[in-house]
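Reviewing the structure listed below.
The numbers here are math on the coordinates, done by the rules we state, and not lab data. Every value quoted in this text rests on a predicted model; they were computed, and no experiment measured them. Note that we place each Cβ from the backbone using ideal geometry, even for glycine, and neighbour counts take in every protein chain shown.
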Amino acid sequence: PSPEGDVHKFLLEVPGANRSGVGLSVLNGSTLETESVIIPMQRMRGLTHTLCVSSQIGCAMGCGFCETAQMGLIRSLEVHEIVAQWYAARHHLGHDISNIVFMGMGEPLDNLENVIGAIEVLTDHDGAAVAMRKITISTVGRLDGLARLRESVVRHGWRQLNLAVSINAPNDEIRSGIMPINRAMPLGELVRTLESWPVRRSSA
């Protein structure tokens, strides 16, 4: 076993849905499962736990290397369904969560309104009180989503929020073959968008 401890994956049941057009769904009384992962990490100050949360069930991005993409997009998670993943990890499984990463099922920028709502709850000082610098949003690089996220970062003063971009290839030809998003939003445009990202300040 790893000296850092075991990685724990857990599933939460949420209401099911019928597909109804692109990105739309209708709740149908059945249940689905959303996946979360608790990852132990040894730091200089001791053992910490990172929680990987899902923002959707399934995903519409179609990346060739991603198992979730094979499901297609079933539906996006609501604010409370995202926050429930932290609550389950902290209060039911008993882990002290140091970091939260939106790297589970789904493309966070395709569900940005609910992701932002969840971050507002998770960072509330009267609630979970997670520091903004401890939260990371991971994306395939949707330019429209990045623009909307940048507006929120500036409006809310969230310059400590971390952003991770999934590249997975050294050039457009290879990336377009494994990540369909690159055919419409190539690396050059992505780099230019990221160059305009708000500069991090010393406070959240």
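Taking Gly106, Gly127, Gly145 as the candidate residues, the one with maximal mean-square fluctuation in a Gaussian network model of the chain, Cα springs under 10 Å, is Gly127.
Helical content alone sets the calculated 222 nm signal of the chain at -7500 deg cm²/dmol, taking -39,500 (n - 2.57) per DSSP H segment of four or more residues and averaging over every residue.
How high is the relative contact order of the chain, in percent, counting Cα pairs under 8 Å that sit 6 or more residues apart? Answer for the chain is 16 percent.
When both region 149-190 and region 99-121 are represented by their alpha-carbon centers, they are found 15 Å apart. Dimensions of the chain based on its C-alpha atoms, expressed as ranges along the principal axes with the largest first, amount to 46, 43, 39 Å. In the chain, taking the dipole from charged Cβ atoms about the Cα centre, the farthest positive-side position among Ile178, His95, Ala131 is held by Ala131. Taking a virtual spin label 7 Å from the Cα of Val191 along the C-beta vector, which residues in region 151-174 bring their backbone nitrogen under 16 Å of it? Zone members listed by number: 165-174. Here is the short version for the chain: Cys52, Cys59 have no other Cys C-beta closer than 4.7 Å. Between Ala129, Ala147, Ala89, the Gaussian network model of the chain with springs among Cα atoms under 10 angstrom shows the greatest mean-square fluctuation at Ala129.
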